[in-house]
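Data first, discussion second: the structure below is written as structure tokens.
A short reminder: the numbers here are calculations on the coordinates, not readings from a lab. Note that the structure is predicted; figures quoted are calculated from it, not measured.
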Amino acid sequence: MTIHERRHLRKDRNQCAGCGDFFNSTRAFEKHRTGLHGVHEGPDRRRCRTPAEMLAVGMAKGQQDFWISEPRQDYPAQPPREAQTEAIGPPPRVG
């Protein structure tokens, strides 16, 4: 995703200026951030989680490919395309 992608953002939906991902709520947006506020370098720096890290903390992609803080039982979550690639690795080389 890029920050320039056009989507209709209504109500509490938002897009992260750092990574460009879309979130269904402020709660989901806040959950995707990790690290300490005000720290800009090192392992404790404030940053966006990777798709694999978001899945590991219980987040999922919901309707219209927006990240949600946790899957709802009445609506099946779908794995993000990026995480599927990370989980299975790159395609095998031919030749």
Unit Cα scatterers, Debye sum, segment 4-57: log10 I(q)/I(0) for q = 0.15, 0.27 Å⁻¹: -0.46, -1.13
³J(HN,Hα) computed for each position of segment 16-24 - Karplus, 6.51 cos²θ - 1.76 cosθ + 1.60, integer Hz, glycine/proline x: 7, 6, x, 10, x, 5, 9, 10, 6
Distant-in-sequence amide H partners of W67 (H built 1.01 Å from N, under 5 Å): F22, F23, N24, G62
With θ taken as phi - 60° and the coefficients 6.51, -1.76 and 1.60, list the Karplus ³J(HN,Hα) couplings across segment 58-66 in order, rounded to whole Hz; mark glycine and proline as x. x, 7, 7, 8, x, 4, 6, 6, 8
